[in-house]
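Worksheet: one structure, shown below.
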Amino acid sequence: MALQNSLTETQLQTRRISFLFDGIKGFIEQIGVVIIIILTVYFVLRGEMTIGAIMFHILLFNNVSAPIRQLHRIYDEMNDALIYSESFFQIMNSDHQIEPSGSYKPENITGKFEIKDLNFTYPDNELRTLEDIDMVIEPNKITALVGLSGAGKSTLINLLDKFYSPDSGEILLDGVSLEDYDTAYLRDHIGLVLQKNHIFNGSILENIKYGNPDAFFEDIVEAAEKSYLHEQVIKMPDGYDTPATSLSGGQQQKIAIARMFLKNPPVIFLDEPTASLDAISTQQIKESLDAIKKDRTVVVISHSISQIIDSDMIYVMKDGRVVEHGSHAELYEANGTYRKIFDSMAKSMNLSLMTEYI
Ligand code: ATP
């Protein structure tokens with residue numbers, strides 16, 4: 001985080017200096033043209049030069065200043081490259097990349113999370129994002145996090161994934177503090193599907209394979225089939241060799257889901273997994289996610305009723321706190337925050353009118 005901030009700060013400084021020099025450079029160039037015009041006009045009036053010489057001198061000035069401008073551009077690009085490469089190597093060499101990492105690597109993970117008295121503030125945010133969180137996430141069950149935007153749902157997932165450490169309180173996984181787990185091992189056992197997932201510059205095949213680098217081609221095709229991507233890929237002229245970055249947002253989302261099928265982890269976090277999919281893809285993905293949800297720890301964040309209603313446990317978050325928890329039926333009866341959110345979701349879908357056509 002600190003490295004990224006320093007990269008941004010250096011870039012801003014370079015941009016500021018670059019704009020200042022651009023301004024001065026433009027000013028000097030224009031002044032140069034004016035001086036040449038005045039001088040040549042003076043010499044023409046004195047009869048020491050022809051009128052054509054005015055044009056000749058301006059063209060000459062432009063011809064000389066163009067390579068200087070080009071040199072300046074090369075200098076700018078070199079500066080940018082130096083900043084990026086310096087930060088790149090700092091990030092690559094950083095000891096803090098997956099810190100704090102413990103060394104605990106159990107034979108297998110059951111997937112029971114216990115969150116106790118947890119408080120968390122983002123390093124660059126003065127306000128506390130999560131406050132007094134107490135939560136139990138049971139294995140082989142689906143736990144939903146519900147709340148309005150900014151309630152802190154994604155932040156909680158970030159902490160469960162060990163992307164950040166809590167200010168106070170603790171998170172236990174199968175009775176052992178998350179801090180003690182080997183970070184790389186932990187992430188190998190967690191499947192993460194976000195609203196927007198990282199798709200790198202490579203083929204569809206390489207991008208899906210990222211879920212399990214040891215997978216064979218048949219496994220990759222099977223994962224693509226389960227995430228309803230295969231049918232679309234085989235219609236493309238280059239098939240699985242098509243660059244993944246050229247796919248639509250929804251297709252890229254299916255790549256992230258295929259990666260998870262390939263990884264087959266005991267713990268799954270789904271943060272708005274169908275947010276960028278069309279209605280048919282959403283239905284298809286919901287079916288395949290329902291299949292993969294079995295016998296694992298699943299935490300799902302969603303603003304869609306269909307993905308929340310069948311959860312075993314729902315935690316309702318508001319302004320960084322858990323305000324209610326229970327099953328859908330219990331929370332609905334309680335007539336509190338969940339009921340309000342649920343009723344708004346139902347109203348926004350115009351369910352009463354829709355049921356006439358279903
Ligand atoms: P949504 O449903 O819109 O995804 P959310 O409940 O998942 O919302 P979070 O993304 O966890 O909410 O954000 C909770 C608060 O933390 C917000 O006020 C947000 O501005 C802040 N926040 C989120 N990410 C960061 C970050 N990287 N640095 C600083 N503050 C952050």
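The values are calculated or read from the model by the stated rules, or taken from the named source; none is laboratory data. Since the model is a prediction, treat every value here as computed from it, not as a measurement. Cβ coordinates were reconstructed from backbone atoms using ideal geometry, including for glycine residues, and neighbour counts include every protein chain displayed. Each accessible area value is taken on the protein alone, full model and side chains, heavy atoms only, with ligands, DNA and RNA left out. Shrake-Rupley method; radii C 1.70, N 1.55, O 1.52, S 1.80 Å.
Using only side-chain charges placed at the Cβ, +1 for Lys and Arg and -1 for Asp and Glu, the dipole size of the chain relative to its Cα centre rounds to 1260 debye. Region 21-148 gives an Rg/Rh value of 1.46, both radii derived from C-alpha positions and Rh following Kirkwood. Legend: distances between Cα atoms for Lys105/Lys286; Lys235/Lys293; Lys116/Lys318; pairs beyond 25 Å are Lys105/Lys286; Lys235/Lys293. Panel note: the C-alpha atoms of the chain, placed on their principal axes, show extents of 99, 50, 48 Å (largest first). Placing +1 on the Cβ of every Lys and Arg and -1 on the Cβ of every Asp and Glu, with no other charges, gives region 56-188 a dipole of roughly 680 debye about its Cα centre. Ordering Ala258, Tyr332, Ile268 by the projection of their Cα atoms onto the charge dipole of the chain, which places +1 on the Cβ of Lys and Arg and -1 on the Cβ of Asp and Glu, puts Ala258 at the extreme positive end. Within the accessible area of the chain, the carbon and sulfur atoms contribute 57%, probe 1.4 Å, all protein chains present. The 3J(HN,Hα) values that the Karplus relation (6.51, -1.76, 1.60; θ = phi - 60°) gives for region 137-153 are, in residue order, 10, 7, x, 6, 9, 9, 10, 10, 10, 10, x, 6, 4, x, 6, x, 5 Hz. Gly and Pro appear as x. Highest mean first, the peptides 65-76, 103-114 sorted by other C-beta atoms within 10 Å per residue fall in the order 103-114, 65-76. Sequence-ordered 3J(HN,Hα) estimates for region 303-314 from the Karplus curve with 6.51, -1.76 and 1.60 and θ = phi - 60° stand at 9, 10, 3, 4, 8, 9, 4, 9, 6, 6, 9, 10 Hz, glycine and proline given as x.
Think of a 1.4 Å ball rolled over the protein heavy atoms: the chain then has 57 Å² of accessible area per residue.
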